[in-house]
1. What is the distance in Å between the Cα centroid of the range 196-258 and that of the range 472-499?
2. Tell me, what are the semi-axes, in whole angstrom and largest first, of the equivalent ellipsoid of the range 51-124 as set by the roots of 5 times the Cα gyration tensor eigenvalues?
3. What is the extension gain from Met245 to Ser459, computed as 0.36 nm multiplied by their sequence separation minus the C-alpha to C-alpha distance, in nm to one decimal?
4. Two-decimal Rg/Rh of the chain from alpha-carbon positions, Kirkwood Rh?
5. Around Lys439, what is the net charge, scoring Lys/Arg as +1 and Asp/Glu as -1 over all other residues with Cβ under 14 Å from its Cβ?
6. Evaluate the relative contact order of the chain (contact order divided by residue number), counting alpha-carbon pairs under 8 angstrom at least 6 apart; express in whole percent.
7. Add +1 for every Lys or Arg and -1 for every Asp or Glu among the other residues with Cβ under 12 Å from the Cβ of Val125, and state the total.
8. Amide H of Ala317 versus every other amide H placed in the peptide plane: which residues, excluding those fewer than 5 positions away on the same chain, fall under 5 Å?
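Coordinate-derived values only; no laboratory data. Here the structure is a predicted model, which means the values were calculated and not measured. Cβ sites come from the backbone with ideal geometry, for glycine too, and all protein chains shown count toward neighbours.
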Amino acid sequence: MAADVPDCGTPHYRSIASIVTNAEIALIFDHVADLLEYQGSNVFRVRAYRNASRLVQGIVEPLATIRDASDRSFQDFDGIGKDLAQKLETLLDSGQLPMLKQLEEEVPQVVFDLMRVPGLGPKKVKLLMAAIELESLDDLERACQEGKVSLLKGFGKKTESTILSNIAFAKNPDNSRLLWNEADQIVHLLIEWMKECQAVQQVEAAGSWRRGKETVGDIDLLVESHQPSDVMNHFVAWEHADHVMVRGDTKTSIRGPRGIQVDMRVVEKKSFGAAWQYFTGSKEHNIRLRSRAKRLGLSINEYGVSQLDQSGEKIVAGQSEKEVYKAVGLEWIPPELRENHGEFELAENDQIPKLITLQDIRGDLHMHTTATDGEATLLEMVTAAIDRGLRYIAITDHSKRVTMARGLDATRLFEQWEAIDRLNESLASEEGIPLVILKGIEVDILEKGGLDLSDEVLSHADWVVASLHYGQQQSQEQITGRLLDAVCNPYVSCIGHPTGRLINRRPPYKVDLQRVINAAADHVTCLEINANPWRLDLDDRFAAAAKEAGVKLAISTDAHSTAGLDVMRCGILQARRAGLEAKDVVNTRPLQELRNVLQKT
Ligand code: DGT
Ligand code: CA
Ligand code: CA
Ligand code: ZN
């Protein structure tokens with residue numbers, strides 16, 4: 001299956017009215033690549049669009065902001081040349097890429113639908129289209145149920161049943177929500193816009209965005225104002241508002257970019273904290289909070305916390321969130337923990353953890369260079385890391401098994417390490433030693449078990465990430481066994497993206513994560529929270545389980561470009577939702593301490 005293909009991929013593009021986000025542009029490039037590949041176009045041309053997609057996806061700042069800044073240019077980014085810069089201008093100006101329009105006319109709609117199924121890349125779709133008459137996803141589902149697909153060359157029974165379950169995955173609406181990262185760009189554009197309105201005293205976002213969830217269903221905005229109707233007029237005039245869904249006195253909803261709904265409420269100053277708390281949720285958290293209030297003779301709603309006495313209802317809190325929580329005898333709870341997953345017990349005892357922040361991060365332990373499938377050279381990655389205030393990084397290019405990325409064999413790896421030695425020497429001669437480069441590798445966990453490079457080679461590395469990219473369809477027993485072997489290898493420092501999932505695009509492989517966690521604790525192997533917004537694994541629940549078992553986490557960007565280093569904040573949010581503190585994460589440590597933690601003997 002193509003699901004075995006190692007990529008940091010993007011889900012397939014779906015057509016919408018207006019384009020603003022980088023993710024949208026990334027999807028368009030990826031989509032072009034798919035269609036070109038489907039048509040049997042030149043591999044270099046296909047790769048150029050794939051690379052462009054990944055590059056744009058890694059840029060955190062909205063491209064529109066960069067275009068509008070007079071002193072900046074797209075070509076400031078490593079990997080963006082004149083041609084790509086021009087395409088980006090076209091996309092931002094017109095919302096379209098002429099080339100894609102043409103491809104869309106040439107390729108039937110069903111091809112687009114089929115390619116949304118995890119594991120069905122252009123090649124498989126082409127084979128299916130040639131062999132079976134398909135006009136919709138339902139036709140393919142029926143063909144699988146009737147066993148027709150398993151009769152095709154290169155498919156088989158197992159592939160057929162995987163396709164069937166992946167069709168269900170593609171059809172599930174939970175897998176078409178916006179990624180947090182993408183919602184975040186829209187939130188920032190919106191807040192900037194709302195701040196331009198004279199009637200707005202204060203504006204904040206709430207809901208799942210504020211809780212840092214992996215994906216966001218709709219965006220919730222809260223405004224403080226005395227003139228709600230002026231605020232509503234300004235809101236609906238936003239250039240990216242597709243249409244107005246509901247307009248009321250205190251609540252208005254619009255359809256925004258990428259079809260996302262934005263709910264905006266206007267409240268008075270005295271209720272702002274209560275409303276912000278209420279609309280941040282989660283629902284489960286709020287239900288628990290309300291019942292707690294009730295037990296204390298209080299009632300809570302979006303206007304405040306009130307007490308009933310002889311003289312009637314009296315509001316006792318509402319202006320700030322802090323006083324709302326205080327009114328029910330709790331310390332303030334960070335939004336990322338508001339899921340009713342144990343935060344009330346902690347807050348009652350003043351034991352809310354001091355959650356990790358981006359400022360705690362000193363190093364980044366997973367990234368790629370042009371030696372394999374990265375867009376930036378070693379030197380460019382180092383410079384970018386210094387610019388971001390990092391004190392150390394590990395260069396972890398792919399090993400040889402990942403042929404698509406021109407993975408490194410021992411010879412090329414040692415060459416890279418020599419270059420790192422030289423660069424470290426020259427950095428050491430600078431004042432204060434800005435950064436130390438660790439000699440690393442992302443070694444593949446092979447299908448048949450074992451690792452892609454010998455222990456002898458790995459023993460010379462400073463940091464070894466072991467990741468599973470191939471054979472993702474194996475049984476839980478097999479996959480768990482492969483991961484356990486890697487965890488137990490004395491030279492493996494960390495397991496990369498431990499579940500292999502791509503949010504909205506590919507389900508995780510089958511693995512008994514609790515066993516992997518327990519073994520990681522025994523063998524002092526770290527587990528990764530991959531900060532790429534499509535990955536974010538380990539997720540909050542398993543990262544919390546890892547902490548519980550005494551495993552140290554590494555939050556790593558897996559950057560494939562210099563801009564890719566900026567996704568660290570997405571990993572931080574996942575870690576915060578897991579309740580992690582700086583001390584639970586190895587790359588918050590000074591380098592010497594990191595080395596001590598890793599002493600396995
Ligand atoms: P989403 O949009 O699906 O990603 O998830 P949320 O958590 O943003 O959910 P949403 O937008 O429906 O509502 C935002 C918050 O507002 C939610 O977490 C709790 C609160 N909320 C909204 N409507 C109600 C309601 O009818 N009852 C209660 N208790 N809370 C509500
Ligand atoms: Ca929401
Ligand atoms: Ca909402
Ligand atoms: Zn990687």
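1. Between the Cα centre of the range 196-258 and that of the range 472-499, the gap is 45 Å.
2. 29, 15, 11
3. 71.0 nm
4. Radius of gyration over Kirkwood radius for the chain works out to 0.98.
5. -4
6. Relative contact order comes out at 13 percent.
7. +1
8. Amide H neighbours of Ala317: Val305.
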